[in-house]
Every structure is written in structure tokens, then in C-alpha cells.
Amino acid sequence: DDDDDDDENDLDFEIQDTKKTKGSDTKVTSTIDGQQLETMITEQCDDISMFFDSFTPEIAEMVLRRFEWDLDLTKVGDLMDKGYDEDRFRQEAGALTINASKPKALSSQETVACVICTEEKRASEFLSLGCKHWGCQDCWRTYLNSKAATGLATESLFAPCMGHNKYSPCGLIVPESFFAQHSSSEAYKLYRKMREEDFVRNFKKRVLGYCPGPDCGRICAAPPGATSQSVIDTCLQVVCSCPLKSFCMGCVKLGNEIQKGVSHAPATCQNVSDWQKKTTEEGRYFTFRVKHCPMKTCRATIVKCGCQGKIICNSLDHCPNQACNHMHCKNCGTHFCWICGNVWADHNNYYQCNKELSKDLT
């Protein structure tokens, strides 16, 4: 039984070159299969559940997801010192609080009009997350399928109660068990994939990433103790069993183009990023088409082009069609202004930044 082994042994890291200087070519074999990933998730949930008896694994995962998987025993203790209790954690995660009032049950003999589709249906066909908002099974299925189809983890993993609106607010989030039971099998597969991507992207205790090899998608991990910045600084080379064979994890983090069998040491990953932007055709027009999400915990690469698929500015140093400035990050769900990078809630004009408008007025 290997249960007593530490996490490092579970992932079977093999350090082939332990140099840690900038521009080095450190290599590590570290592929994680689905079972190992689930073990990592379970361990995080178990740690949080130690504090609260009412936390099921599902609720513990909802709490961890709300805190972007950056919650350990020390941070839980710090938050409790600041006034957090069991109900506060549950409430922020969108789970039912311990003493939540139960919704009035619908009589099995009743015929009820669905508030979403307005159709009259038997009461037994209605569902609720445990709140006062009831909806028919068909509407719930359509709603959950549409959330998964957006391809946004924030839409799927944090899907609010279907009945939530400004007149009848509800802080509940659809839990995975409900999603699995009342969505299509295809939608639930998408949900599980986005759940995996959310963990890989946000987990703070290990630097994780996907192999960029064609049709690979294996999850790779940096050695214990590595940070995103150290991975970039050391140009960490990850060995994979796919035809790509190896790749630079630092370049993956920066969104650099990966070339098979090419090591860029002693140049740093940032050198490569800057060089690709200046020398490649794609890089030249990406200098004004691409920005990073302003959220420090995200920094996803975002491409903006208003040319509707027709590239008309390859030889230009600016975009002639700026289009809408309202950006929605697919990675973390942040809404922000393309021009100034501030949250979109501070803006009221889709085609001109409020900061620019204020300058024009002064």
C-alpha cells in the first residue's frame, strides 16, 4: 500500500538536469493521469472538510473553487479569525447554509405553470436547488446544457440558480450532482472537462499545464516547490510521451509558439515571447490585437479582432476596426475594457473608453 507515500512519489518526478539558472534547459518527466488528478482534488477537499462536519466532498470542492483553489488550513484559520464561520463559507460558495429554510413542497396533485416556459405541468416535474425557485425539468435541462455549451468555466461551474434575478435573488450555485442528473450526457462531459481545466489553471500548490502537442492534452506538472515565475525563468523542459517529445513549460505559460525539438536556451522564455512578437507575421499584428486578462490570477491571452475573419491589417501597425471594447475573458470570466483594462462595470460606452471620454471633456 502506497498511501503513506508523499505527493512527490505519487507523481513520479524524474529530474534529468537540476540547473536553476535563467535560460537553463532543466528537464523533468511529470505526466499526470486522470486518477492522479482526482486524487489531488480529493486531498484538497479532505483538508478543508477537517474543519467542518457538514462539508460533504461536493461542498468542500465548491468552496475551494470559489477561492480559486488557493485555500489551505492556514488560510481557513485566518479567515475564521476574521469572522468566517461554516455558514459564511457555504454562502460564498453558493451552497445551502445549515439553517436554510426549506422551500414549500409542491403537492403531487397540483398542476403548476412553469415561471420560465409558462407551460402547465405536473408538480412532480419541477425541480429546485433547495430554494424557493422552482422550474420544470425541461427548462432546467435546457438551461444547464446552454451553460455548458458556452465553453466558459465561469458559466458552467458557477451557474446560478435558474430562478435568480434582481427581483428574486438567489445565491445558490448549481452543484455538480444536480448538473450531472439534469443535463445531457454531452453537457456533463463538457462540465467535467471545464472542472479539470479550472483546477489545472488555478491550483497554487503545483504548477500544472497541458502539453501543447497536437491531439495530446496530457496534464504535466512542474516539480514540487516550483512557481509559475520559476518555471519561466528556468525554461523548464517537460518530457511527454506524445510525438512532440518535449516542450518548454515556461513558453506554454507565456503563450509562446512551441516548435518540435527546438530548445531556446540560453534565451529566456520572455526573450522568445518578445522575439516572436517582433519577427513573425502573426506576432506583428498581434501586438495590437492581443492583450492579457487584467486579473493577476489569470493573465490569459485574449485576441480582439473586429474584422469578422477577414485579415485586412497585416501590413498596418494599428487596427482600422476597433469594434466593441467590452471584453469577456473566457478563462476567468472577468468583464473588462480593452482600452484601459479596468472592470467593465465602470463603463457605459462600447466603442470609447470612459477614460478617453473624460480626457476629451477636459
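Filtering region 173-185 to residues that are in contact (Cβ under 8 Å) with a residue 60 or more places away in the chain and part of a helix (DSSP H, G or I) leaves Glu176, Ser177. Touching a helix residue (DSSP H, G or I) at 6+ places or on another chain (Cβ under 9 Å), more than 22 Å from Glu38 (Cα to Cα) and either open to solvent by 70 Å² or more (accessible area, probe 1.4 Å) or modelled with pLDDT of 85 or more (or both) - does that describe any residue in region 200-213? For region 200-213, residues touching a helix residue (DSSP H, G or I) at 6+ places or on another chain (Cβ under 9 Å), more than 22 Å from Glu38 (Cα to Cα) and either open to solvent by 70 Å² or more (accessible area, probe 1.4 Å) or modelled with pLDDT of 85 or more (or both): absent. Scanning region 304-350 for residues that are modelled with pLDDT of 65 or more and more than 19 Å from Cys293 (Cα to Cα), we see that the one that is surrounded by the most Cβ atoms within 10 Å (Cβ to Cβ) is Asn349. The test for being modelled with pLDDT under 90, of a type in the set (A, V, I, L, M) and more than 26 Å from Ala153 (Cβ to Cβ) does not hold for Val290. Which residue out of Thr42, Thr18 is on the phi < 0 side of the Ramachandran plot, open to solvent by 40 Å² or more (accessible area, probe 1.4 Å) and at pLDDT below 85? Criteria check complete, one pass: Thr18.
Looking only at region 140-199, how many residues end up being among the charged types (D, E, K, R), over 16 Å from Gly94 (Cβ atoms) and touching a Lys or Arg at 6+ places or on another chain (Cβ under 7 Å)? Summing the residues that are among the charged types (D, E, K, R), over 16 Å from Gly94 (Cβ atoms) and touching a Lys or Arg at 6+ places or on another chain (Cβ under 7 Å) in region 140-199 gives 0.
Only one residue in Tyr188, Tyr143 is assigned to a helix (DSSP H, G or I), farther than 30 Å from Gln237 by Cβ and within 18 Å of the chain's Cα centre (by Cα), so which one is that?
Tyr188
For region 118-139, enumerate the residues that are open to solvent by 80 Å² or more (accessible area, probe 1.4 Å) and either modelled with pLDDT under 90 or polar (S, T, N, Q) (or both). Listed by number, the residues that qualify are Thr118, Arg122, Lys132, Gln137.
The values are calculated or read from the model by the stated rules, or taken from the named source; none is laboratory data. Computed from a predicted model, the values in this text were never measured in an experiment. For neighbour counting, all protein chains shown are included, and Cβ atoms are generated from backbone atoms with ideal geometry for every residue, glycine included. SASA here: full protein model, heavy atoms, side chains in, ligands and nucleic acids out. Shrake-Rupley method; radii C 1.70, N 1.55, O 1.52, S 1.80 Å.
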